[in-house]
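Data first, discussion second: the structure below is written as structure tokens.
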Amino acid sequence: MNMKKSFDMFRTLKWIAGLVIVCGIVCCVWNMSEFNDRNLGLMIGIGFLVGGIQIMLFGMVAPLMQKKDEAAAPPDSANELA
């Protein structure tokens with residue numbers, strides 16, 4: 001995978017996570033009047049917050065894992081034969 005494309009993908013994940021978190025905050029604030037587990041809007045807002053944090057975490061960890069995999073990749077066998 002091209003490094004520029006992967007960087008754009010991870011940056012896009014961070015932007016999407018930010019939008020999801022903002023939607024969660026708006027949903028929670030909008031439905032804060034009745035704070036209980038039967039308030040569907042509040043529960044959806046909390047779900048958006050949790051989901052946004054997970055997307056943000058993946059957007060931060062995935063580049064690190066990709067760098068680790070690239071560093072641990074074995075040398076190309078075609079070069080060894082030449």
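Every number here is computed from the coordinates shown, using simple stated rules; none is lab data. Worth saying up front: this structure is predicted, and the values here are computed from it rather than measured. Here the Cβ is made from the backbone with ideal geometry for all residues, glycine too, and neighbour counts use every protein chain on show.
Observations, loosely collected:
- When we screen 11, 38 for residues that are among the basic types (Lys, Arg) and in a loop (DSSP other than H, G, I, E, B), the only hit is 38.
- Inside the range 51-64, residues that are within 22 Å of residue 26 (Cα to Cα) and surrounded by 13 or more Cβ atoms within 10 Å (Cβ to Cβ) make up a count of 5.
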